[in-house]
1. Is it the case that some residue within segment 69-83 is under 18 Å from Lys214 (Cβ atoms) and over 18 Å from the mean Cα position of the chain (by Cα)?
2. Taking interchain pairs and intrachain pairs at least six residues apart, which have beta carbon atoms under 7 angstrom, with the first residue in segment 129-143 and touching a residue at least 24 places away in the same chain (Cβ under 8 Å) and in a strand (DSSP E or B) and the second hydroxyl-bearing (Ser, Thr, Tyr) and open to solvent by 30 Å² or more (accessible area, probe 1.4 Å)?
3. Are any residues in segment 88-117 over 16 Å from Leu6 (Cβ atoms) and more than 16 Å from ligand 2 (Cβ to nearest atom), and if so, which ones?
4. Being of a type outside the set (A, V, I, L, M, F, W, C), within 16 Å of ligand 1 (Cβ to nearest atom) and closer than 17 Å to Asp131 by Cβ is the filter here, so list the residues in segment 58-116 that pass it.
Amino acid sequence: MKKYLLADVGNTFTKIRIYENSEYQFLTFPTIKPDGNPDGKQLQDLVSANQIDDVLYSTVVPEWHRIFNNLEVKGVVRKVSVQMKLPFEMKYQTPETLGSDRIALLAAAAEAGFHHHCTLIVSAGTCITFDILHERTYLGGAISPGLAMRAKAMNHFTKALPLVTVNLIDIPVNGQLFIGQDTAQCLWAGSVQSAALEIDQYIDRLKSKFSKLKIYLTGGDANTLEKMIKSDIFARPNMCLDGLNILYKLNA
Ligand SMILES: Nc1ncnc2c1ncn2[C@@H]1O[C@H](COP(=O)(O)OP(=O)(O)OP(=O)(O)O)[C@@H](O)[C@H]1O
Ligand SMILES: CC(C)(CO)[C@@H](O)C(=O)NCCC(=O)O
């Protein structure tokens with residue numbers, strides 16, 4: 001049995017699974033070190049220490065291609081691309097610019113089969129992506145600012161707004177509309193609550209078009225948003241890595 005490493009390099013965090021005999025260990029680290037560089041040595045050390053045969057990676061941070069290209073492994077290093085065998089059909093007008101994380105998410109969703117008519121994947125990471133699979137065809141979706149990015153943008157583009165750390169503000173979520181009563185609360189409401197409202201509204205509109213809709217929620221901010229989204233969703237942490245595993249096996 002081969003030992004293989006799957007890597008999902010996001011703009012904020014890199015998530016890794018090392019598979020051996022269908023079991024895996026999980027690791028995560030910041031994508032860019034505090035000195036502003038990707039940590040290629042850490043990855044090579046991990047690959048060497050674990051005697052990895054193959055690597056399949058997705059990166060949305062182009063510098064990481066060089067690091068993966070230089071990795072020394074016993075087998076092969078592959079990147080996710082639209083040239084691979086995919087378990088869905090592509091209708092995106094620019095498949096060459098489609099994020100490889102979105103390709104992996106779609107592969108994970110496609111694995112569940114197509115009896116749901118329509119599947120929506122909401123990935124709440126650095127950006128929030130919406131991806132729609134209609135039966136086995138990928139239709140496209142949306143890219144919207146992530147929670148931390150919303151808060152950072154308001155701080156960056158104004159003179160008076162402070163930076164709020166969205167995950168550190170403890171607002172009780174009880175299904176009611178939260179009305180911010182000070183600056184920090186208003187910034188939280190505009191970053192976190194507004195993103196949840198956006199997701200709910202996106203789902204409502206999609207449901208009016210496709211009634212049999214299955215919805216997945218994933219990404220670093222999925223836990224925060226899950227409590228606030230009214231629609232029925234399947235929370236699926238690390239769905240991108242699930243999709244990488246499907247693509248690895250499909251292209252073995
Ligand atoms: N300690 C932390 N530092 C930075 N962001 C954090 C932290 N804890 C949680 N987050 C949240 O997690 C989000 C990143 O989630 P995730 O790891 O899914 O992103 P990513 O995969 O790197 O992004 P993408 O795939 O969209 O490029 C951030 O936008 C932020 O809101
Ligand atoms: C949207 C992000 C940043 C989400 O991680 C990533 O998928 C990406 O860089 N995509 C490229 C553009 C596209 O998917 O069309």
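1. No, the conditions are met nowhere in segment 69-83.
2. Filtered contacts from segment 129-143: Phe130/Tyr202; Tyr138/Tyr92; Gly140/Tyr92.
3. Glu89, Ala110, Ala112, Gly113, Phe114, His115, His116, His117, listed by residue number.
4. Answer for segment 58-116, where residues must be of a type outside the set (A, V, I, L, M, F, W, C), within 16 Å of ligand 1 (Cβ to nearest atom) and closer than 17 Å to Asp131 by Cβ: Ser58, Thr97, Gly99, Ser100, Asp101, Arg102.
Each row is one residue, and each column tells you yes or no for (1) in contact (Cβ under 8 Å) with a residue 24 or more places away in the chain; (2) hydrophobic (A, V, I, L, M, F, W, C); (3) in contact with a His (Cβ under 7 Å, 6 or more places away or on another chain); (4) closer than 26 Å to Ser191 by Cα.
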position: Leu206; (1), (2), (3), (4): yes, yes, no, yes
position: Lys214; (1), (2), (3), (4): yes, no, yes, yes
position: Asn223; (1), (2), (3), (4): no, no, no, yes
position: Met228; (1), (2), (3), (4): yes, yes, no, yes
position: Asp232; (1), (2), (3), (4): no, no, no, yes
position: Pro237; (1), (2), (3), (4): no, no, no, yes
position: Asp242; (1), (2), (3), (4): yes, no, no, no
position: Asn245; (1), (2), (3), (4): yes, no, no, no
position: Leu250; (1), (2), (3), (4): yes, yes, no, no
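The values are calculated or read from the model by the stated rules, or taken from the named source; none is laboratory data. These figures come from a predicted structure and were not determined experimentally. Glycine also receives a Cβ, built like all others from the backbone with ideal geometry; neighbour counts cover every protein chain displayed. Remember, those area values only see protein heavy atoms, side chains included, never the ligands or the DNA or RNA. Shrake-Rupley method; radii C 1.70, N 1.55, O 1.52, S 1.80 Å.
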